[in-house]
Structures are given as C-alpha cells and as structure tokens.
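Accompanying notes for the structure given below.
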Amino acid sequence: MTKRFICSLLGCAAFCLMIVFMAGNLYAQQGQGQQQMMQQPAAEVQVSDADLEKVATAYQDIHAIRVELQDSLAGVTDPKSAQKLQEQASADMVEAVQENGLDVQTYNQIMEAAQTNEDIREKLSAKLQKMQ
C-alpha cells in the first residue's frame with residue numbers, strides 16, 4: 001500500500017466530511033445530539049465486510065464525481081457557476097453513498113475509522129485494490 005494511496009484515501013474522507021457540512025439538511029434532525037457526539041472520544045467502530053464493500057464502491061463513485069468536478073471547475077471563471085457545480089457535485093456524492101446502501105453518517109464514520117484503525121484501513125484498501 002503506497003503512501004500516495006493512503007493520502008488519497010484520507011483526503012477523500014476529509015472531502016466527504018465536508019459534504020456533510022454542505023448538506024446541512026441531512027443533519028438538521030440530529031441537532032444537539034450530533035454536537036454531543038462530536039465532543040465524546042471516538043469509540044471503537046465495528047465494521048462488517050459488507051459495509052466495507054459498500055464504502056469501497058461508494059468511494060470509487062465519489063472519486064469519479066470529484067475528478068469530474070475538478071475538470072469542470074478548470075474552465076469556470078464565474079464564482080457563482082463554480083459554487084453551483086460544487087453544490088451539484090455534493091448532492092451527487094450524497095446520492096452515490098445512498099445508492100450503495102449507506103447513509104452519509106455511516107460512510108463518514110467508516111472513513112474516519114479507516115484513518116485511525118489500521119485493520120479497517122487495510123481491509124478497505126484491499127477491497128479498493130481489487131476493484132481497480
């Protein structure tokens with residue numbers, strides 16, 4: 001597993017976390033419960049093989065959307081157009097996660113766990129490499 005691949009994986013995780021904040025309506029129902037959860041130390045996450053498979057597939061879909069967004073933004077000079085493209089890409093990413101049988105929160109939790117848990121990171125990496 002290369003250092004570049006890990007950095008890419010972690011970068012995407014951070015980007016996906018940003019999606020959550022941009023898609024605020026997804027978390028409007030959680031209110032203060034989410035704030036309290038963020039203040040607590042991270043508990044050990046149990047991730048099933050099936051969920052890792054879903055995350056790996058969603059990750060690939062999100063990566064494709066991100067690449068397409070970067071290509072689209074390269075030719076855009078108007079900030080409003082750029083913002084519109086980013087908002088559409090965010091919505092597409094949320095949809096990609098949901099189409100793979102996950103909610104955004106679960107996807108992000110597993111991606112966070114992959115940052116801190118070597119076992120989860122290695123399993124996810126292996127699944128991603130098999131898909132290439």
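Selection of first residues in region 65-87 that are within 25 Å of GLU99 (Cβ to Cβ) and of second residues that are assigned to a loop (DSSP other than H, G, I, E, B), restricted to Cβ pairs under 7 Å at least 6 apart or on distinct chains, gives the following pairs, ordered by first then second residue: LEU85/VAL76. Just one of the listed residues (GLN98, GLN70, GLN88) is within 21 Å of ALA50 (Cβ to Cβ) and not aliphatic (A, V, I, L, M), namely GLN98. Check whether at least one residue in region 67-78 is in contact with a Gly (Cβ under 9 Å, 6 or more places away or on another chain), modelled with pLDDT of 50 or more and more than 14 Å from LEU128 (Cβ to Cβ), and report yes or no. No, region 67-78 contains no residue that is in contact with a Gly (Cβ under 9 Å, 6 or more places away or on another chain), modelled with pLDDT of 50 or more and more than 14 Å from LEU128 (Cβ to Cβ). The residues of region 88-102 include none that are outside any helix (DSSP H, G or I) and without any contact (Cβ under 8 Å) to a residue 24 or more places away in the chain.
In region 108-120, the residues that are under 16 Å from ALA50 (Cα atoms) form Cβ pairs under 6 Å with partners that are of a type in the set (D, E, K, R) and in a helix (DSSP H, G or I), at six or more places apart or across chains, as follows: ALA114/ARG121. Taken over region 96-131, residues that are farther than 17 Å from GLN46 by Cα and of a type in the set (Phe, Trp, Tyr) amount to 0. Return yes when GLU112 is surrounded by fewer than 14 Cβ atoms within 10 Å (Cβ to Cβ), in a helix (DSSP H, G or I) and at pLDDT 95 or above and no when it is not. Judged against the criteria, GLU112 is not a match.
The values are calculated or read from the model by the stated rules, or taken from the named source; none is laboratory data. The shown structure was predicted, so the numbers you read here are calculated from the model rather than taken from an experiment. Ideal geometry is used to build each Cβ from the backbone, glycine not excepted, and the neighbour counts take in all protein chains shown.
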